[in-house]
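Notes follow once the structure below has been shown.
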Amino acid sequence: MKMKDLEEQRVCVKFCFKLGKTATETWKMLQQAFGDECMSRTQCFEWYSRFKTGRTSIDEDSRSGRPSTSTDDVHIDAVRHLILQNRRLTIREIAEDVGISFGSCQAILTEKLNMQRVAAKFVPCVLTEDQKANRVNISQELLDRVSVDENFLKTIVTGDETWVYGYDVETKAQSSQWVGQGSPRPKKARMSRSNMKVMLLVFFDWQGIIHHEFVPRGQTVNKEFYVAVLKRLREAVRRKRPQLWTNQSWVLHHDNAPAHSSFLVRNFLAKNKTTVVPQPSYSPDLAPADFFLFPKLKSTLKGRRFDTIDEIQKNSTNELFAIPKEAFQKAFQSWQKRWERCVASEGNYFEGDKLE
């Protein structure tokens, strides 16, 4: 933690003491205000005690004796060497190995080496080199298609299935609210998703929704059921996208779920001369249903409670068709940008996975 951050928290401790707060109340308020950057409970109680005994300064006491050599080049190199060997070591573990104090080790890490401890980012899968190469190859292949045919994106019909819940917990941002200065922080009971849910299948293109249906309760999305869905999709394309149907220019995109990639499904698509756009494995960041449609749909449903399956279906359908055409076009443009970013990142998951 930086010195200026500690000084700021000492000011807060002094302020709380003057307001008549107890040491425990002060510690809890610091935790609420500073989160993971909060000083330790021991430090808080120590500074509270100092202010209680009449201290007014928030500065650290000056130390007598010779200047510390714990942050010299030798110790900096030793800390750097340990970190490069194991980046999960704690400050206390490093300090013990190097033989310096916790504070000196913290100063070396934050001030001398300019490092900070961050949590690992969750990704769908730890990709192998072959999987990364496959992501690059498919992304480049699709980019080449776009360069040859500027209308390629407009011919793709993409889709997937997802669960829609009777109650899904709203995000922190959705539960936030404006309050006056000094007002207590709003409280919210911890909730969880409801057990009542229904699976939604959706197919869409550049212009919007083409076909959607809800999977009957007790029915799994197996290869036989998915073939029946594709038959209904073909009929929807014929009715709603007559030009694509007449020209036989539409292509299908879906992920590699077992039902989607089964021999029965592939045989059905081949017999009906339906071209399939390739989708790399473990790549929801390259599937419009995953990075655009489902998050957008579910964000409008979070925090709302539906008591019956019919209510879930009715409200999710209404929200689905309320998404404007411009949003779909923006999503497909974003899809192309994601291919470019995938190639640039050599197949790794790229930062900033929100819709551009």
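The values are calculated or read from the model by the stated rules, or taken from the named source; none is laboratory data. These figures come from a predicted structure and were not determined experimentally. When we count neighbours, we look across all protein chains shown, and the Cβ atoms used for this are built from the backbone with ideal geometry, even at glycine. Accessible surface areas use protein heavy atoms only, side chains included; no ligands, DNA or RNA. Shrake-Rupley method; radii C 1.70, N 1.55, O 1.52, S 1.80 Å.
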Next on the checklist: Condition first: at pLDDT 95 or above, surrounded by 15 or more Cβ atoms within 10 Å (Cβ to Cβ) and among the small types (Gly, Ala, Ser). Can you find one or more residues in region 296-310 that meet it?
Outcome noted: no
Next on the checklist: Tally up the residues in region 76-98 that are farther than 24 Å from residue 6 by Cα and either open to solvent by less than 60 Å² (accessible area, probe 1.4 Å) or of a type in the set (Gly, Ala, Ser) (or both), please.
Outcome noted: 4
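Among the residues of region 306-317, is there at least one that is closer than 30 Å to residue 142 by Cα and either of a type in the set (A, V, I, L, M) or touching a residue at least 24 places away in the same chain (Cβ under 8 Å) (or both)? Break it down stepwise before answering.
At the first step, the residues of region 306-317 found to be closer than 30 Å to residue 142 by Cα are none.
So far as region 306-317 goes, no, none of its residues is closer than 30 Å to residue 142 by Cα and either of a type in the set (A, V, I, L, M) or touching a residue at least 24 places away in the same chain (Cβ under 8 Å) (or both).
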Next on the checklist: Can you confirm whether residue 338 is in contact with a Phe, Trp or Tyr (Cβ under 8 Å, 6 or more places away or on another chain) and at pLDDT below 95?
Outcome noted: no
Next on the checklist: Looking at (1) surrounded by fewer than 16 Cβ atoms within 10 Å (Cβ to Cβ); (2) within 20 Å of residue 137 (Cβ to Cβ), which one does residue 264 not meet, given that it meets all the others?
Outcome noted: (2)
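Evaluate the following for residue 252: is it touching a strand residue (DSSP E or B) at 6+ places or on another chain (Cβ under 6 Å) and either crowded, with 16+ Cβ neighbours inside 10 Å or aromatic (Phe, Trp, Tyr) (or both)? It would help to see each step written out before you state the result.
Numbers: touching a strand residue (DSSP E or B) at 6+ places or on another chain (Cβ under 6 Å): yes; either crowded, with 16+ Cβ neighbours inside 10 Å or aromatic (Phe, Trp, Tyr) (or both): yes.
The answer is yes for residue 252.
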Checklist entry - Of the residues that make up region 209-226, is at least one free of Cβ contacts under 8 Å to residues at least 24 places away in the same chain, part of a loop (DSSP other than H, G, I, E, B) and open to solvent by 80 Å² or more (accessible area, probe 1.4 Å)? => result yes
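Consider residue 259 carefully, then state whether it is small (Gly, Ala, Ser), in a helix (DSSP H, G or I), closer than 21 Å to residue 324 by Cβ and in contact (Cβ under 8 Å) with a residue 24 or more places away in the chain. If you could, list the steps in order and put the result at the bottom.
Details: small (Gly, Ala, Ser): yes; in a helix (DSSP H, G or I): yes; closer than 21 Å to residue 324 by Cβ: no; in contact (Cβ under 8 Å) with a residue 24 or more places away in the chain: yes.
Against the criterion (small (Gly, Ala, Ser), in a helix (DSSP H, G or I), closer than 21 Å to residue 324 by Cβ and in contact (Cβ under 8 Å) with a residue 24 or more places away in the chain), residue 259 does not qualify.
What helices (runs of 4 or more DSSP H) completely inside region 263-356 contain at least 1 residues that are among the basic types (Lys, Arg), in contact with a strand residue (DSSP E or B) (Cβ under 7 Å, 6 or more places away or on another chain) and more than 29 Å from residue 246 (Cα to Cα)? Walk me through it before giving the result.
Details: elements: 263-271, 294-301, 309-322, 325-344.
In region 263-356, no matching helices (runs of 4 or more DSSP H) lie anywhere.
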Checklist outcome for this item: The condition from (1) closer than 20 Å to residue 225 by Cβ; (2) at pLDDT 95 or above; (3) surrounded by fewer than 16 Cβ atoms within 10 Å (Cβ to Cβ) that residue 258 misses is numbered (2)
Checklist entry - Which residue pairs have Cβ atoms closer than 9 Å, lie 6 or more positions apart in sequence or on different chains, and pair a first residue in region 4-27 that is free of Cβ contacts under 8 Å to residues at least 40 places away in the same chain with a second residue that is open to solvent by less than 20 Å² (accessible area, probe 1.4 Å) and small (Gly, Ala, Ser)? => result 13/23; 16/23; 17/23
Next on the checklist: Which of the numbered conditions does residue 262 fail, given that it passes all the others? Conditions: (1) closer than 17 Å to residue 159 by Cα; (2) out of contact with any Lys or Arg (no Cβ under 6 Å at 6 or more places or on another chain).
Outcome noted: (2)
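Here's the yes/no breakdown for (1) out of contact with any helix residue (DSSP H, G or I) (no Cβ under 9 Å at 6 or more places or on another chain); (2) within 24 Å of residue 199 (Cα to Cα):
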{"residue": "269", "(1), (2)": "no, yes"}
{"residue": "276", "(1), (2)": "no, yes"}
{"residue": "279", "(1), (2)": "no, yes"}
{"residue": "287", "(1), (2)": "no, yes"}
{"residue": "295", "(1), (2)": "yes, yes"}
{"residue": "331", "(1), (2)": "no, yes"}
{"residue": "334", "(1), (2)": "no, no"}
{"residue": "339", "(1), (2)": "no, no"}
